[in-house]
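The values are calculated or read from the model by the stated rules, or taken from the named source; none is laboratory data. Remember, it's a predicted structure, so these values are computed and weren't measured experimentally. No Cβ is skipped: glycine too gets one built from the backbone with ideal geometry, and neighbour counts run over all protein chains shown. These area figures cover heavy atoms from the full protein model, side chains too; ligands, DNA and RNA do not enter into them. Shrake-Rupley method; radii C 1.70, N 1.55, O 1.52, S 1.80 Å.
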Protein chains: 2
Amino acid sequence: MPENKTTIFPKGERAPANYFTGTAWIKLLVPNDGVLNCQIGNVVFEPGARNNWHKHAGGQLLIATEGTGYYQEKGKPIQLLRKGDVVNIPPDIEHWHGASPDSEFTHIAINPNTQKGIVEWLQPVTDEEYEQ
Amino acid sequence: MPENKTTIFPKGERAPANYFTGTAWIKLLVPNDGVLNCQIGNVVFEPGARNNWHKHAGGQLLIATEGTGYYQEKGKPIQLLRKGDVVNIPPDIEHWHGASPDSEFTHIAINPNTQKGIVEWLQPVTDEEYEQ
């Protein structure tokens, strides 16, 4: 690790096991409120970790900041994410995100339009789905 | 500069001189659309650079990612911003942001609720205002 390598945010809290496979950390950056209607969090996924399938009634934007990650929408191939990549996730699209098997991965997750809902959690991403 | 220091995003385009004092660079990360109602850009300010006074009908969120910057709301003292700081700017609040005099500064700017409007530009920040 290079001497000047410092992450932008502290790691935060352990992500809830009900909605994640493996170990991930969430730092809430902007709590939801009824004025900005926008919740923002930073998520660090350890290698192999990912969240469950889920969807957002208001959509979501992901900004990859470190490492190599995966993003998949239901019925489509897994996309590789690298530092600087941005993902635009339309409302109500089932998807998941996480680290690749051999790299930690960090992204900022932005949930706009929270007046329509924030997140609906679904089933875990199986090892078979993850390894495709 | 340490060997492994790499920015997250490319610098982008020169910020428009009509709305900025000094040199700044804007990389549009998420263009506005009528579905996510959220425009996101990365801004790099060279030392001393800042944008004009302005306001957002839908509010704004700033995430500082590198360097040392300034943020000021009309009638309040200048706040110092460092890597990892987050600023929550309510709708219709006059404000400006930029680099400190001796450091480059980079932030991600998130404009939610763009269905209400994105930005209204006002007068430049004078040297007297900036040096307070």
request  = Provide the net charge surrounding B:GLN132, with neighbours chosen by a C-beta distance below 15 Å and charges set as Lys +1, Arg +1, Asp -1, Glu -1.
outcome  = -2
request  = Send over the semi-axes of the stretch B:1-112's equivalent ellipsoid, whole angstrom and largest first, taken as the square roots of 5 times the C-alpha gyration tensor eigenvalues.
outcome  = 21, 18, 13
inquiry  = Do any residues of the stretch A:64-84 show a loss of at least 10 square angstrom of accessible area between the isolated chain and the full protein assembly, using a 1.4 Å probe, and if so which?
reply    = A:THR65, A:LYS83, A:GLY84
query = Among the listed pairs B:LYS27/B:LYS83; A:LYS11/A:LYS76; A:LYS27/B:LYS116; B:LYS11/B:LYS76; B:LYS11/B:LYS83; B:LYS55/B:LYS76, which are separated by more than 26 Å between their Cα atoms?
reply = A:LYS11/A:LYS76; A:LYS27/B:LYS116; B:LYS11/B:LYS76
query = Hey, rough spin-label estimate for A:GLU94 and B:LYS74, points 7 angstrom out along Cα→Cβ, what's it come to in nanometres?
reply = 5.0 nm
query = Taking all protein chains as present, what is the carbon and sulfur share of the accessible area of chain A, in % to the nearest whole number, probe 1.4 Å?
reply = 49 percent
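Probe radius 1.4 Å, ligands and nucleic acids left out: can you give me the accessible area buried at the B-A interface, summed over both chains, in Å² to the nearest hundred?
2300 Å²
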ask   = With the contact rule set at Cα under 8 Å and sequence spacing of 6 or more, what percent relative contact order holds for the stretch B:44-132?
value = 45 percent
query = Counting partner chain Cβ atoms within 10 Å of every residue's Cβ in B:28-36, what's the average?
reply = 4
Approximate spin-label separation B:LYS116-A:ASP33, in nm, with each point projected 7 Å along Cα-to-Cβ = 1.1 nm
Total charge dipole magnitude, the stretch B:1-114, about the Cα centre, Cβ charges on Lys, Arg, Asp, Glu only, Debye to nearest 20 = 60 debye
task = May I ask you to derive the FRET efficiency for A:THR126 and A:THR6 from their Cβ-Cβ distance with R0 = 35 Å, giving the value to the nearest 0.05?
result = 0.50
key: Shielding by partners, peptide A:51-59 (average Cβ within 10 angstrom, other chains)   = 1
note = For the protein assembly as shown, the per residue accessible area (1.4 Å probe, Å²) is 47 Å²
